[in-house]
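Engineer: Below: one structure in structure tokens.
The values are calculated or read from the model by the stated rules, or taken from the named source; none is laboratory data. Fair warning: this is a prediction, and the values are worked out from it, not measured in the lab. In this analysis, Cβ positions are derived from the backbone assuming ideal geometry, glycine residues included, and neighbour counts consider all displayed protein chains.
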Amino acid sequence: MDLDRLRQDYDDVELDPATLGPDPLPVLERWLEDALAVGMLEPNAMTLATADEHGRVAARMVLLKGLSEAGAVFYSNYDSSKGQDLNSNPQAALCFWWDKLERQVRIEGRVERVPEADSEAYYRSRPYGSQIAALASDQSRPLAQRSDLETRTAELKAAYPEGVSVPRPRGWGGPRRSVRWRNTRDSNGNASPRR
Ligand SMILES: Cc1cc2nc3c(=O)[nH]c(=O)nc-3n(C[C@H](O)[C@H](O)[C@H](O)COP(=O)(O)O)c2cc1C
């Protein structure tokens with residue numbers, strides 16, 4: 001594949017920092033709405049970068065599941081690789097990229113855990129299948145074979161049939177990061193709410 005020939009012209013959209021206002025939260029909310037309106041599959045998908053205590057960096061996709069004055073929230077397993085990174089080094093970076101809008105948003109800084117009650121409330125709002133999946137998966141651990149996960153899922157479905165309360169996995173919850181401006185514009189004209 002000739003990657004060098006892939007080119008996209010990003011001159012169409014201009015961002016005037018003066019239109020953004022002092023609070024990045026309403027801007028991010030509006031841009032998420034815009035991303036939904038233009039038909040992006042997962043407008044709330046964002047890259048999460050973490051680093052372990054040795055400074056080894058890892059990035060992966062997560063879904064933004066809460067946004068308020070308290071911060072931006074995603075949910076995961078605290079025992080996963082990302083969870084372990086954040087336990088030893090709570091500095092993280094989040095990055096949204098909405099290609100159809102030609103917009104990027106960056107959020108950087110220290111994360112904290114949301115209250116247990118918030119994690120429980122979000123877990124309870126998830127569909128049955130997602131609750132079982134969270135319980136069945138040992139996130140970040142390699143699977144010897146896929147059938148192990150299928151067997152565990154079937155066992156859990158038998159133990160907790162639909163309609164019965166599925167327990168929230170130990171160590172499942174939501175790190176969050178508050179959202180504040182740092183730079184309103186970078187060299188590409190992208191807004192960058194970050195700290
Ligand atoms: C679009 C997309 C959204 C995802 N959202 C989440 C999420 O919200 N929480 C999560 O724990 N993993 C999510 N994942 C899976 C993670 O990217 C990752 O593979 C998994 O959490 C294990 O990461 P870790 O080993 O670095 O901890 C998502 C993956 C994709 C492709």
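Engineer: Take residue 195 and decide whether it is surrounded by fewer than 16 Cβ atoms within 10 Å (Cβ to Cβ), over 19 Å from residue 74 (Cβ atoms) and modelled with pLDDT under 90.
Structural biologist: So residue 195 does not fit the description; no.
Engineer: Okay, moving on. Name the residue, out of 44, 77, 89, that is within 14 Å of the ligand (Cβ to nearest atom), polar (S, T, N, Q) and within 29 Å of residue 8 (Cα to Cα).
Structural biologist: It is 44.
Engineer: Please give the number of the condition residue 160 fails out of (1) modelled with pLDDT of 90 or more; (2) in contact with a Ser or Thr (Cβ under 9 Å, 6 or more places away or on another chain).
Structural biologist: For residue 160, the failing item is (2).
Engineer: Which residue pairs have Cβ atoms closer than 8 Å, lie 6 or more positions apart in sequence or on different chains, and pair a first residue in region 155-168 that is over 17 Å from residue 122 (Cα atoms) with a second residue that is not in a helix (DSSP H, G or I)?
Structural biologist: What qualifies is 156/166; 160/166; 160/167.
Engineer: Take the residues in region 1-31 that are in contact (Cβ under 8 Å) with a residue 60 or more places away in the chain and part of a helix (DSSP H, G or I); name whichever of them is surrounded by the fewest Cβ atoms within 10 Å (Cβ to Cβ).
Structural biologist: It comes out as 17.
Engineer: Here's a follow-up. Which of the residues spanning region 32-41 are buried (at least 16 other Cβ atoms within 10 Å of the Cβ) and touching a Leu at 6+ places or on another chain (Cβ under 7 Å)? Quick ask: steps written out before the conclusion?
Structural biologist: Our first condition is that a residue be buried (at least 16 other Cβ atoms within 10 Å of the Cβ); within region 32-41, this holds for 32, 35, 40.
Across region 32-41, the qualifying residue is only 35.
Engineer: Find all pairs meeting these conditions: Cβ atoms under 8 angstrom apart; at least six residues apart or on different chains; first residue within region 62-84 and within 20 Å of residue 171 (Cβ to Cβ) and touching a residue at least 60 places away in the same chain (Cβ under 8 Å); second residue of a type in the set (Lys, Arg) and within 6 Å of the ligand (Cβ to nearest atom).
Structural biologist: From residues that are within 20 Å of residue 171 (Cβ to Cβ) and touching a residue at least 60 places away in the same chain (Cβ under 8 Å), the pairs are 76/82.
Engineer: Within region 109-124, can one find any residue that is hydrophobic (A, V, I, L, M, F, W, C) and within 13 Å of residue 48 (Cβ to Cβ)?
Structural biologist: Yes, region 109-124 contains a residue that is hydrophobic (A, V, I, L, M, F, W, C) and within 13 Å of residue 48 (Cβ to Cβ).
Engineer: State yes or no: is residue 50 within 26 Å of residue 130 (Cα to Cα) and of a type in the set (Ser, Thr, Tyr)?
Structural biologist: In short, yes.
Engineer: Additional query: Limited to region 48-61, what total is found for residues that are within 9 Å of the ligand (Cβ to nearest atom) and in contact (Cβ under 8 Å) with a residue 40 or more places away in the chain?
Structural biologist: Of the residues in that region, 2 qualify.
Engineer: Continuing with the same structure: If I filter region 178-191 for residues that are under 21 Å from residue 94 (Cα atoms), modelled with pLDDT under 80 and more than 24 Å from the chain's Cα centre (by Cα), do I get at least one hit?
Structural biologist: Of region 178-191, the ones under 21 Å from residue 94 (Cα atoms) are 178-191.
Checking which are modelled with pLDDT under 80 leaves us with 178-191.
So of that shortlist, the ones also more than 24 Å from the chain's Cα centre (by Cα) come out as 187.
Yes, region 178-191 contains a residue that is under 21 Å from residue 94 (Cα atoms), modelled with pLDDT under 80 and more than 24 Å from the chain's Cα centre (by Cα).
Engineer: Please work out if residue 33 is within 13 Å of the ligand (Cβ to nearest atom) and either at pLDDT below 95 or charged (D, E, K, R) (or both).
Structural biologist: Spelling it out, it is not the case that residue 33 is within 13 Å of the ligand (Cβ to nearest atom) and either at pLDDT below 95 or charged (D, E, K, R) (or both).
Engineer: Right, another one. Hey, does region 123-138 have a residue that's within 15 Å of the ligand (Cβ to nearest atom), more than 14 Å from the chain's Cα centre (by Cα) and farther than 28 Å from residue 164 by Cα?
Structural biologist: There is no residue in region 123-138 that is within 15 Å of the ligand (Cβ to nearest atom), more than 14 Å from the chain's Cα centre (by Cα) and farther than 28 Å from residue 164 by Cα.
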